[in-house]
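Inspection log for the structure reproduced underneath, given as structure tokens.
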Amino acid sequence: MSEIIRASDLMRKEFVSLHAGQTLGDAMVALREAQTRVGLPNAAMIVNAAGEFVGMLTAKLLIRILVGSREGDEPVEDAALLQVARARLADRIGDALILDIPVVAPQDRLLTIIRRGVPTRLDFVPVVDNGRPVGFVPVTEIFQCVASIALTAEHEAAMEQAHRDTDEQMQAVRAEEQRKAAVVGEFGFVAQLA
């Protein structure tokens, strides 16, 4: 594939934008509304007062922030866990953000997106231009792109192999026909060849 794939080709431009001073409850409402409206999981780009990117929230990250990982902890009743989550809804987004989420620029190529975004195990890679969020690339879109390229290359390789196999078969058939013709020519009659 000769075309260059960039973040701008893969990114979704519609996203939720929230200020770091808003609450986790605001983020939950906005993400839920966006998912209902678009029909796909969405990301909230968190900005400071100047509109610059400071972080990202997704439904998965928000759940982790609200209820924690809880692994290794004593079992907690669902009601108690939900009470903790409900209390955290009033917390400021900026106080709960995961720091240093890697970002890509719109002109970054596919390999850069993969190297920066996939190791984070996040569902989306934020796209930032001159400090401002302009979109996000879903990991599922990265997968679809890589699969398309890989399967196209695999298909092309399979087709080339099929052509080589067909050429070899045709050469074998021609060689057999030439051998039969030589036998017929040598004996002057048609011999039954096994």
- Note on the structure: Sorted by chain and number, the residues with a modelled amide H under 5 Å from that of Thr23, at a separation of 5 or more or across chains, are Ile93
- Contact order relative to length for the chain, counting C-alpha pairs under 8 Å separated by 6 or more residues, stands in percent at 24
- Item | ³J(HN,Hα), Karplus 6.51/-1.76/1.60, whole Hz, each residue of the range 32-41, x for Gly, Pro | 5, 5, 5, 5, 5, 5, 8, x, 9, x
- Item | Once exposed loop trypsin sites (Lys or Arg not before Pro) are cut out (DSSP; at most 15 other Cβ, 10 Å), longest piece of the chain | 122-194
- Taking amide H positions as placed 1.01 Å from N in the peptide plane, with prolines and chain starts having none, which residues 5 or more places from Val54, or on another chain, fall under 5 Å of its amide H? Ile46, Val47, Asn48
- Note on the structure: Using a 1.4 Å probe on heavy atoms of the protein chains only, the accessible area for Asp9 in Å², nearest 10, reads 100
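May I ask you to compute the full-extension gain from Ser17 to Arg121, defined as 0.36 nm times their residue separation minus their alpha-carbon distance, rounded to one decimal in nm?
On the way: separation 104, 0.36 × 104 = 37.44 nm, distance 2.16 nm.
Stretched out fully, the Ser17 to Arg121 stretch lengthens by 35.3 nm.
Could you work out the percent of alpha carbon pairs in the range 30-123 separated by over 17 Å, rounded to a whole number?
Numbers: 2727 of 4371 pairs.
The proportion of pairs with Cα distances above 17 Å equals 62 percent.
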- First obtain the Kirkwood hydrodynamic radius of the range 81-159 from its Cα pairs, then insert it into the Stokes-Einstein equation at 37 °C and 0.692 mPa s, and state the resulting D in µm² per second as a whole number. 217
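Set the Förster radius R0 to 22 Å, insert the Cβ-Cβ distance between Gln107 and Glu33 as r into 1/(1 + (r/R0)^6), and round the FRET efficiency to 0.05. If you can, show how the numbers build up before the last one.
Values: r = 31 Å, r/R0 = 1.41.
That pair, Gln107 with Glu33, gives E of 0.10.
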- Query: Taking the range 5-64 as the region of interest, what is the percent of Cα-Cα pairs per 5 angstrom bin, listed from the shortest bin to the one with the maximum distance?
  - Reply: 4, 19, 27, 24, 16, 8, 2, 0
- Query: Whats the longest run of the chain with zero GluC sites (Glu not before Pro) that are DSSP loop and have at most 15 other Cβ atoms within 10 Å?
  - Reply: 78-194
- Item | log10 of Debye I(q)/I(0), alpha-carbon scatterers only, for the chain at 0.12, 0.14, 0.15 Å⁻¹ | -0.71, -0.88, -0.95
- Tabulate in residue order the Karplus-calculated ³J(HN,Hα) for the range 121-137, using 6.51 cos²θ - 1.76 cosθ + 1.60 with θ = phi - 60°, rounded to whole Hz; enter x for Gly and Pro. 6, 8, 7, 9, 10, x, 10, 10, 10, 6, x, 10, x, 10, x, 8, 9
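The values are calculated or read from the model by the stated rules, or taken from the named source; none is laboratory data. Keep in mind that what you see is a predicted model, and the values were worked out from it rather than measured. Don't worry about glycine lacking a Cβ; one is built from the backbone with ideal geometry, like all the others, and counts go over all protein chains shown. Surface accessibility is based on the protein's heavy atoms, side chains included, excluding ligands, DNA and RNA. Shrake-Rupley method; radii C 1.70, N 1.55, O 1.52, S 1.80 Å.
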